[in-house]
1. Name the residue that is farthest from LYS189 (Cα to Cα), counting only residues in segment 219-230 that are outside any loop (DSSP other than H, G, I, E, B) and in contact (Cβ under 8 Å) with a residue 40 or more places away in the chain.
2. If you go through segment 435-457 one residue at a time, do you hit one that is closer than 19 Å to PHE132 by Cβ and at pLDDT below 95?
3. Return the only residue of ARG312, ARG326, ARG263 being over 30 Å from SER81 (Cα atoms) and of a type in the set (Lys, Arg).
4. Scan segment 213-258 residue by residue and report those that are closer than 28 Å to ASP417 by Cβ and touching a Phe, Trp or Tyr at 6+ places or on another chain (Cβ under 6 Å).
5. Which pairs turn up if I take residues in segment 368-390 that are more than 29 Å from CYS408 (Cα to Cα) and without any contact (Cβ under 8 Å) to a residue 40 or more places away in the chain and look for partners that are among the β-branched types (Val, Ile, Thr) and part of a helix (DSSP H, G or I) with beta carbon separation below 6 Å, at least 6 apart in sequence or on another chain?
6. Mind checking whether some residue in segment 66-82 is under 30 Å from ARG312 (Cα atoms), modelled with pLDDT under 95 and surrounded by fewer than 23 Cβ atoms within 10 Å (Cβ to Cβ)?
7. Any idea how many residues of segment 102-133 are under 16 Å from VAL381 (Cβ atoms) and of a type in the set (D, E, K, R)?
Amino acid sequence: MHSASFLSISCINQRVSTQTTDAVSLLKHAATNLTHFEPRLQAFRKVGPCPSAAPEGLLAGVSISVKDLYAVTGFDTYAGSPLALTEFNSSGTLVKRLTDAGAHVCGKTHTVEFAFGGLGTNPHWPVPVNPFDKNQHRVPGGSSSGAPVSLWMGACQLALGSDTSGSVRVPAAFCGTFGLKTSAGRWEKDGIVPLSPSIDTAGLLALSAADASWGFAVLDPATSANPEAFIERCKPNSRPMEGVRIGVIDGLFQGCEGGIDTRVMDSLKQLQAAGATLVHLDWPHIEETYQLFLEGGLSALEFPAFIKTEHRKPWFDQLAASTKMRFAHLTQADLANASSQIAEKNALIQTFNQAAETLLKTVDFAVCPTCPVSAPTLAYVEANLEQYKERNFKALRNTQVANLQYLCAATLPCGLDDFDMPIGLQIMMGHGQDEQLMAWSCAVESIIGDALFHYAEQLN
């Protein structure tokens, strides 16, 4: 792909506030990028009109894409299915916070059907193209499949996604962007089609953690009253690495392919050279958490309650095989007894969380590779269901830990693997530590570099 032109949100804010450039001109420029790249990269299910009147607010001139799991006023919501969900037609709290701050919704991006998958495939809609392979169609990651692609198109500066097992962080890692998974219950979920209400989280993608800090400042209930103060806190000089203790989760470095483990360690050595101490951790309940995920987590029990109703029978009848496989093993008795099983699994997750939180008190934050594999080709994972399952589960192996242990997590780009595909460095912190996570992400980024630092040349 030919390189799009990129402006940071800080730069956009400065230009608008000093009247160097008006907000509408900036939005029209982003729309031009979208129009140019969309035919090849296929990030959007629906593109919105460019505003004629200048928006006002902290995010004036900023364009955002929204995963088609979110209701947005003026857009239908399909949630990756072939039919519109007409009850999801009005913007929820998160979309309103962004638009009230002056951000413009440029369009709704593709998602895996009902967010049930980590690779980004969907038999009902075009699969967005990972921009890092110019010769083959590699998957972008899922389920927020169009979100990172929309950023690399220069169509927007922020992308709203959601994360139940890694659905923000996997596509961010596969496509070399920043991605944030918030703590469960931290951000409002009204107007978002549910997958697993117990652990569904809203999330945010951007080309840098610095850009994401502007979105977080507006979106987060703890920072939205004074977003400028939080943005200032996230400037890199406010968080030096000297004396910082970084927990290295050795168990999640195992089984990495294509030199991913080595490249992530190289980034950690950069942090070490900047004064941080690396502390190797024996992370609790890794195997038990992964087994719970393989069994369907909570999604396999909670999603049927949403989709297997008379009202939504048309959607259920058309579910793809890759979606149905996640709960096909459940019997009618399992589904009838779902509430008690959900309670049992939530109790188990609380146990996992307590052990993780105890260990996290010994370090400032914990790290591991975001994904142990790189993005496979679309042809490979569409060839048969077994190949899809193997890649899907492995792609989500490291990310699901944060979801099923009630942690917050982020991924930062940190270079290319042996296949010249992006690698993500995952940072995890305790439940409710989202503000600190964003600040540490910005501090780490100032040392190892953001997406444009790592990947701009590969996209030319």
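The values are calculated or read from the model by the stated rules, or taken from the named source; none is laboratory data. Keep in mind that this is a model prediction, so the values were computed, not measured. A quick note on method: Cβ atoms are made from the backbone with ideal geometry, for glycine too, and the neighbour counts reach across all protein chains shown.
1. The extreme case among them is GLU228.
2. Yes, segment 435-457 has at least one match.
3. Among ARG312, ARG326, ARG263, only ARG263 is over 30 Å from SER81 (Cα atoms) and of a type in the set (Lys, Arg).
4. ILE249, GLY251, GLY258
5. Every condition considered, the pairs that remain are GLN387/VAL381.
6. yes
7. Going through segment 102-133 one residue at a time, the tally reaches 2.
Every residue, every condition in (1) in a loop (DSSP other than H, G, I, E, B); (2) surrounded by fewer than 22 Cβ atoms within 10 Å (Cβ to Cβ), yes or no:
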residue	(1), (2)
SER374	yes, no
ARG391	no, yes
ASN398	yes, no
PRO413	no, no
ASP418	yes, yes
LEU425	no, no
MET438	no, no
